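Asks: Got a structure here, written out as structure tokens. Questions coming.
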């Protein structure tokens, strides 16, 4: 077995960290530009129009919208709160909230480049499906209690 | 190997260039989107600077003190429940946008961290303690407690799914 390399000193450790961050800088900046564009182009009232009144279909739509959008979870709470007030079901809003933070189409290129393409595909697809399951389960438990 | 790395880095800069060109086209078609986009962009940059510094410091510390065998022990194949707990707690405590953590997680992957733990860490980034009061204000305490609990369980499931699928998809 190969002998493990000696620990790097502070200078080497700092250079290595700086290189890794520099490597990811263009991807991170690109993602932030995309998020800023989406935020400016899509009015918040637009999302409520997309829902039907069928819970399962709405949870799918909620998960889809949450996957496409990105940003601070705080924004998703405010949007989700507005959706609830406008009559969108709790299952759909929950799927939206969960997908908002767990699925990232906008961040996908960054995730694929830094963590691996296959990893990013499997993680995002499974998170999309899980958002619907988590929403159904959460609302079911809340209604039970 | 070195040429491969240079190519990867160049493709990252190409990615940024394409996004910038796309943004310029959007602003030419819809000039009113320029100021809100720039303001939003600037606000995100201001918000992530402290997180960027925190992640930089964490990466230096990881390079300096954390050896590959430590990662293998606590986040590797045989870490078991300990690994899930580290990923869940780490994900909940981590601050800032999700994409800021990719470089650090990439370093951990290289040192031997399991893909399932990385996925669970990313899933638990959804639970943010400082935001809980606002979340409770909009959705109520019961809903937030149940959702948090369900999401922690789901994060482990997701970690397992990601690992199993990646094992098959080689």
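Asks: Quick test of your reading of the structure: residue A:35 fulfils all but one of (1) facing chain B (nearest Cβ under 10 Å); (2) surrounded by fewer than 22 Cβ atoms within 10 Å (Cβ to Cβ); (3) modelled with pLDDT under 80. Name the failing condition by number.
Replies: Failed condition: (2).
Asks: Considering only residues that are in a helix (DSSP H, G or I) and either in contact with a strand residue (DSSP E or B) (Cβ under 8 Å, 6 or more places away or on another chain) or modelled with pLDDT under 80 (or both), which ones fall in the stretch A:38-61?
Replies: Residues of the stretch A:38-61 that are in a helix (DSSP H, G or I), as a first pass: A:38-41, A:44-50, A:55-61.
Once the filter is applied, which keeps residues that are in a helix (DSSP H, G or I) and either in contact with a strand residue (DSSP E or B) (Cβ under 8 Å, 6 or more places away or on another chain) or modelled with pLDDT under 80 (or both), the stretch A:38-61 yields A:38, A:39, A:44, A:45, A:46, A:47, A:48, A:49, A:50, A:55.
Residues are listed down the side, and each one gets a yes or a no for (1) in contact with a helix residue (DSSP H, G or I) (Cβ under 6 Å, 6 or more places away or on another chain); (2) assigned to a helix (DSSP H, G or I); (3) under 20 Å from residue B:161 (Cβ atoms); (4) touching a residue at least 12 places away in the same chain (Cβ under 8 Å):
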{"position": "A:63", "(1), (2), (3), (4)": "yes, yes, yes, yes"}
{"position": "A:80", "(1), (2), (3), (4)": "yes, yes, no, yes"}
{"position": "A:83", "(1), (2), (3), (4)": "yes, yes, no, yes"}
{"position": "A:99", "(1), (2), (3), (4)": "yes, yes, yes, yes"}
{"position": "A:124", "(1), (2), (3), (4)": "no, yes, yes, yes"}
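Asks: Among the residues that make up the stretch B:153-168, is at least one of them more than 23 Å from the chain's Cα centre (by Cα) and modelled with pLDDT under 90? Let's see the steps before the verdict.
Replies: The first filter runs over the stretch B:153-168 and keeps only residues more than 23 Å from the chain's Cα centre (by Cα), leaving B:168.
Adding the requirement that they be modelled with pLDDT under 90 leaves B:168.
Yes, the stretch B:153-168 has at least one match.
Asks: Within the stretch B:74-93, is there a residue that is free of Cβ contacts under 8 Å to residues at least 12 places away in the same chain, surrounded by fewer than 24 Cβ atoms within 10 Å (Cβ to Cβ) and within 10 Å of another protein chain (Cβ to nearest Cβ)?
Replies: The answer is no, given that none of the residues of the stretch B:74-93 is free of Cβ contacts under 8 Å to residues at least 12 places away in the same chain, surrounded by fewer than 24 Cβ atoms within 10 Å (Cβ to Cβ) and within 10 Å of another protein chain (Cβ to nearest Cβ).
Asks: Okay, moving on. Taking the stated definitions as given, is residue A:141 within 9 Å of another protein chain (Cβ to nearest Cβ), over 17 Å from the mean Cα position of the chain (by Cα) and in a helix (DSSP H, G or I)? Lay out the reasoning, then the answer.
Replies: Working: within 9 Å of another protein chain (Cβ to nearest Cβ): yes; over 17 Å from the mean Cα position of the chain (by Cα): yes; in a helix (DSSP H, G or I): yes.
The answer is yes for residue A:141.
Asks: Looking only at residues that are within 14 Å of residue B:91 (Cα to Cα) and at the interface with chain A (Cβ under 7 Å from one of its Cβ atoms) in the stretch B:123-147, which one is surrounded by the fewest Cβ atoms within 10 Å (Cβ to Cβ)?
Replies: We begin by selecting, within the stretch B:123-147, every residue within 14 Å of residue B:91 (Cα to Cα); these are B:123-130.
Remaining after also requiring at the interface with chain A (Cβ under 7 Å from one of its Cβ atoms): B:123, B:125-126, B:128.
Details: B:123: 29, B:125: 21, B:126: 26, B:128: 19.
Filtering the stretch B:123-147 for residues that are within 14 Å of residue B:91 (Cα to Cα) and at the interface with chain A (Cβ under 7 Å from one of its Cβ atoms), the one surrounded by the fewest Cβ atoms within 10 Å (Cβ to Cβ) comes out as B:128.
Asks: Okay, moving on. Give the number of residues within the stretch A:56-100 that are within 17 Å of residue A:129 (Cα to Cα) and surrounded by fewer than 17 Cβ atoms within 10 Å (Cβ to Cβ).
Replies: So the count comes out to 3.
Asks: Exactly one condition in (1) at pLDDT 85 or above; (2) at the interface with another protein chain (Cβ under 9 Å from one of its Cβ atoms); (3) under 20 Å from residue B:161 (Cβ atoms) is false for residue B:106; which is it?
Replies: Failed condition: (3).
Asks: Given the conditions (1) over 26 Å from residue A:136 (Cα atoms); (2) in contact with a helix residue (DSSP H, G or I) (Cβ under 6 Å, 6 or more places away or on another chain); (3) modelled with pLDDT of 80 or more, report the number of the one that residue B:117 does not fulfil.
Replies: The failed condition is (1).
Asks: I'd like the residue in the stretch A:104-120 that is more than 7 Å from chain B (Cβ to nearest Cβ) and more than 25 Å from residue A:92 (Cβ to Cβ) and, out of all such residues, is surrounded by the fewest Cβ atoms within 10 Å (Cβ to Cβ). Break it down into steps so the answer makes sense when it comes.
Replies: Taking the stretch A:104-120 first, the residues more than 7 Å from chain B (Cβ to nearest Cβ) are A:105-106, A:108, A:112, A:116-117, A:120.
Filter once more, so that each one left must be more than 25 Å from residue A:92 (Cβ to Cβ): A:112, A:116-117, A:120.
Values: A:112: 18, A:116: 17, A:117: 12, A:120: 20.
Out of the qualifying residues, it is A:117.
Asks: For the structure I just gave you, tell me whether residue B:26 is part of a helix (DSSP H, G or I), modelled with pLDDT of 85 or more and loosely packed, with under 12 Cβ neighbours inside 10 Å.
Replies: Details: part of a helix (DSSP H, G or I): yes; modelled with pLDDT of 85 or more: yes; loosely packed, with under 12 Cβ neighbours inside 10 Å: no.
Here the answer is no, as residue B:26 does not meet what is asked.
The values are calculated or read from the model by the stated rules, or taken from the named source; none is laboratory data. All of these numbers come straight from a predicted model, not from anything done at the bench. Using ideal geometry, Cβ is built from the backbone for each residue, glycine included, and neighbour counts are taken over all protein chains shown.
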